[in-house]
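Read the structure below first, then the notes.
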Amino acid sequence: MDVGNWSQITEFIILGFPHLQGVQVYLFLLLLLIYLTTILGNLLIFLVVCLGSRLHIPMYHFVSTLSLLELGYTTTTIPKMLLNLLSEKKTISFSGCLLQIYFFHSLGATECYLLTAMAYDRCLAICQPLHYPTLMTPALCAKIAAGCWLGGLAGPVAEISLVSHLPFCGPNSIQHIFCDFPPVLSLACTDTSINVLVDFVINSCKILATFLLILSSYVPIIRTVLRVPSAAGKRKAFSTCSSHLTVVLIFYGSILFMYVRLKKTYSLDYDRALAVVYSVLTPFLNPFIYSLRNKEIKEAVRRQLKRAGILK
């Protein structure tokens, strides 16, 4: 396929929310507030875990890595969304669009792998507490985190390569709130069935496999918790993974419906709403889920604020 065929189009127009044109300024202010809260919340958790010596255990190393990941995940899409809300020319270059797709999917894949690693960590901690320190060593924790990053960054390479060789001759309006594979593929001037199939297979393997691994990790966790004699003991045992399970259900609940399908079976507004959930709301909620539901992180935040003189 000749690359020059699509050289006529050098940029795309991102339509965003066309039905909400009259409230663009209010959307901008709301999204800006969410973005700043997301950045500050995840940065706070990352710094608290790094600075708090009591939190230097594998579980919180994974939490800090997740917070760092969310910083990049939201920065991939939200700043451009904010710019488009106030700009009449809502455009993005072809290369910029591919870069946005790459980083969005690579960081999303990294989050899938990291949530799976966190489930495995909780499984070891609850089911094999006596052997946990020797099984989940700091070195192994670092290797797992590095493997999650490397696996995620390598994930979308094949899909990006296939899309980059497609001919795009018009129209160039992306029916979405940011660049993504499905809306971009719909603009190609050729048959994209191979691209759709590759995208479906990769996403299905990546999303379904990690989700099933997470569920399989919770089977022995639930069995172990149910064997605890007291109700207080059950609550204490399960409290260490309740935050993780909440994030998993929100994150996977949206991406499963968005990416594990061969055909477009839902409306554009439905797709936009799902995109808001996994690209905006999930990173926004993570700091609250991990801080409000975790006593150790709340105490660590309080200690750091006292050291900074913000609290007495």
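The values are calculated or read from the model by the stated rules, or taken from the named source; none is laboratory data. The model shown is predicted, which means the values in this text are computed figures rather than measured ones. Every residue, glycine among them, receives a Cβ derived from its backbone with ideal geometry; neighbour counts consider all protein chains shown. When the accessible area is computed, the model is the full protein with side chains, heavy atoms only, and any ligands, DNA or RNA have been set aside. Shrake-Rupley method; radii C 1.70, N 1.55, O 1.52, S 1.80 Å.
A few comments on the model shown:
- Lys90 meets the conditions (1) modelled with pLDDT under 90; (2) surrounded by fewer than 18 Cβ atoms within 10 Å (Cβ to Cβ) in every case but one. The failed one is (2).
- Check on Pro167, over 30 Å from Arg223 (Cβ atoms), in contact with a Ser or Thr (Cβ under 7 Å, 6 or more places away or on another chain) and either without any contact (Cβ under 8 Å) to a residue 40 or more places away in the chain or surrounded by 13 or more Cβ atoms within 10 Å (Cβ to Cβ) (or both): yes
- For the stretch 123-194, the helices (runs of 4 or more DSSP H) that sit wholly inside it and include 3 or more residues that are modelled with pLDDT of 90 or more and out of contact with any helix residue (DSSP H, G or I) (no Cβ under 8 Å at 6 or more places or on another chain) are 138-154.
- Ser243 satisfies every condition listed in (1) crowded, with 19+ Cβ neighbours inside 10 Å; (2) modelled with pLDDT under 80 except (2).
- Single residue of the stretch 99-136 satisfying the filter (more than 30 Å from Ser173 (Cβ to Cβ) and without any contact (Cβ under 8 Å) to a residue 12 or more places away in the chain) that is surrounded by the fewest Cβ atoms within 10 Å (Cβ to Cβ): Leu130
- Any hit, the stretch 278-295, residues being among the basic types (Lys, Arg), within 30 Å of Ser204 (Cβ to Cβ), modelled with pLDDT of 75 or more and outside any loop (DSSP other than H, G, I, E, B): no
- Among all residues of the stretch 87-98, there is none that is in contact with a helix residue (DSSP H, G or I) (Cβ under 8 Å, 6 or more places away or on another chain) and free of Cβ contacts under 8 Å to residues at least 60 places away in the same chain.
- Test set (1) in a helix (DSSP H, G or I); (2) free of Cβ contacts under 8 Å to residues at least 60 places away in the same chain - Ile207 fails condition number: (2)
- Test: residue in the stretch 221-233 that is at pLDDT 80 or above, within 22 Å of Phe62 (Cβ to Cβ) and either surrounded by fewer than 18 Cβ atoms within 10 Å (Cβ to Cβ) or polar (S, T, N, Q) (or both): yes
- Of everything listed in (1) touching a residue at least 40 places away in the same chain (Cβ under 8 Å); (2) in contact with a Lys or Arg (Cβ under 8 Å, 6 or more places away or on another chain); (3) not in a helix (DSSP H, G or I), the single unmet condition for Val228 is (1).
- Flag for Gly151 being open to solvent by 10 Å² or more (accessible area, probe 1.4 Å), under 18 Å from Glu70 (Cβ atoms) and within 19 Å of the chain's Cα centre (by Cα): yes
- Residues within the stretch 188-217 that are crowded, with 20+ Cβ neighbours inside 10 Å and more than 30 Å from Thr240 (Cα to Cα), tallied: 3
- Yes/no for Gly52 being open to solvent by less than 20 Å² (accessible area, probe 1.4 Å), touching a residue at least 24 places away in the same chain (Cβ under 8 Å) and among the small types (Gly, Ala, Ser): yes
- Members of the stretch 207-221 that are within 16 Å of Pro129 (Cβ to Cβ) and of a type in the set (A, V, I, L, M, F, W, C): Ile221
- Among the residues of the stretch 8-24, none qualifies, meaning not one is closer than 27 Å to Leu98 by Cβ, of a type in the set (D, E, K, R), open to solvent by 80 Å² or more (accessible area, probe 1.4 Å) and not in a helix (DSSP H, G or I).
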